[in-house]
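Notes follow the structure.
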Amino acid sequence: MEDIATRFAAYLQHKMPQASNIEVSGVSRIHGGASRETFRLNASWEEGGRKLARPLILRRDPVASLIETERDLEYNAYRAFHPTGLPVPEPLYLETDLKWLDRPFFVMEQIVGCAAGSPFNADPYGPHADKLGRQFWTHLGKIAGADPEAIGIAQHMKPVAPDETWRRELEHWEKVIDEDELCPQPIARAAIRWMRRNPPPPAQKISVVHGDYRTGNFLFDGEGDIKAILDWEMCHLGDPLEDLAWAADPLWAFENRERPGGMIGRAEAFRIWEETSGLRIDPKALRWWEIFNSLKGLAIWISAGKEYQTGASRDPILALSSWYPTDVHNRVLANALATLSKEARS
């Protein structure tokens, strides 16, 4: 950590030539992320006769990752949504020159005095569950309702037609399974066949899709207020129902489908989302995206298992991800396909 502190202090001097006596201290790794190395640290300096300090977050590309993502997408998502009032950290620097920390990274403000709820805790929010739930689904509705062009993020993302959102995402995650599976995946393959035979209706709107909006990816304070929505590294343009289905996936609520994310009830959550986004939930489309997201989850966990088993990374989060979530999503998909088959026969 001392090496990071010294080298990052030199980087800050490069970015703030007017500052003097820059010091970086308290560097510590935040474990649990699967696509970036995340560090919290404190920076202090002198400027204009004053002593200043600021807690920061450093997100560096890893040597190996559970999922391959572009750090500039995440950075630009923070930059686009921060001025809108959505609770996201202020982005500060995006750096791709390898001379500073060997790998690309970006820097943002650190949100202090907050915590994240674990998606593997049966009751992650305790007495704040209802209050947080109302905010959680309101913020997701605001993301879905935002105009990507107006907030300046569309230019950083690949465009997609409303009737191609499903195909692009399915092909992407099917490719991940093709490349990373260490053993046959019969349930995943059955789900892919069903999704190709039964495509959803075209997206009613092309929105910014966060890509990983769920329990565990936001920070809240002791009063039960959401202070930061994090982990935008998989954001893209697409069907807003993709985010809705991922946030409501049974994995994030100990398979309790009626209390998504361990917060408020499903009906109230979806009502809030519709009111905030100005969109309507098509049940047929939502069911397709729910099945898709369980497949997407499987692809991520399969990729995690490959990284760990081949020795590309020994981060224990990869081993955990390839075990419990894989089992959950295989069962969720198998049950969904069985229900669909029964409906088709009746």
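The values are calculated or read from the model by the stated rules, or taken from the named source; none is laboratory data. Note that this is a predicted model, so its numbers are computed, not measured. Note: ideal-geometry Cβ built from the backbone for every residue, glycine included; neighbour counts use all protein chains shown. Keep in mind that these areas ignore ligands, DNA and RNA; they rest on the heavy atoms of the full protein, side chains included. Shrake-Rupley method; radii C 1.70, N 1.55, O 1.52, S 1.80 Å.
Tabulated data
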quantity	calculated
Of residues in the stretch 239-285 being over 20 Å from the mean Cα position of the chain (by Cα), aliphatic (A, V, I, L, M) and under 24 Å from residue 159 (Cα atoms), the one surrounded by the fewest Cβ atoms within 10 Å (Cβ to Cβ)	281
Sole residue being more than 29 Å from residue 111 (Cβ to Cβ) and either at pLDDT 95 or above or not in a loop (DSSP other than H, G, I, E, B) (or both), chosen from 245, 304, 285	285
Criterion (modelled with pLDDT of 95 or more and among the aliphatic types (A, V, I, L, M)) met by exactly one of 337, 318	337
Strands (runs of 3 or more DSSP E) wholly inside the stretch 6-60 containing at least 2 residues that are touching a helix residue (DSSP H, G or I) at 6+ places or on another chain (Cβ under 6 Å)	20-30
Failed item, numbered, when residue 333 is tested on (1) open to solvent by less than 60 Å² (accessible area, probe 1.4 Å); (2) closer than 17 Å to residue 186 by Cα; (3) free of Cβ contacts under 8 Å to residues at least 40 places away in the same chain	(3)
Looking only at the stretch 66-87, and only at residues there that are open to solvent by less than 10 Å² (accessible area, probe 1.4 Å) and under 15 Å from residue 38 (Cβ atoms), the one that is nearest to the chain's Cα centre (by Cα)	74
Selected residue (only one of 188, 154 is over 24 Å from residue 278 (Cβ atoms) and touching a residue at least 60 places away in the same chain (Cβ under 8 Å))	188
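Listed here are the residues, each with its yes/no results for (1) buried (at least 19 other Cβ atoms within 10 Å of the Cβ); (2) modelled with pLDDT of 95 or more; (3) in contact with a strand residue (DSSP E or B) (Cβ under 8 Å, 6 or more places away or on another chain).
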position	(1), (2), (3)
183	no, no, no
191	yes, yes, no
195	yes, yes, no
204	no, yes, no
220	yes, yes, yes
235	yes, yes, yes
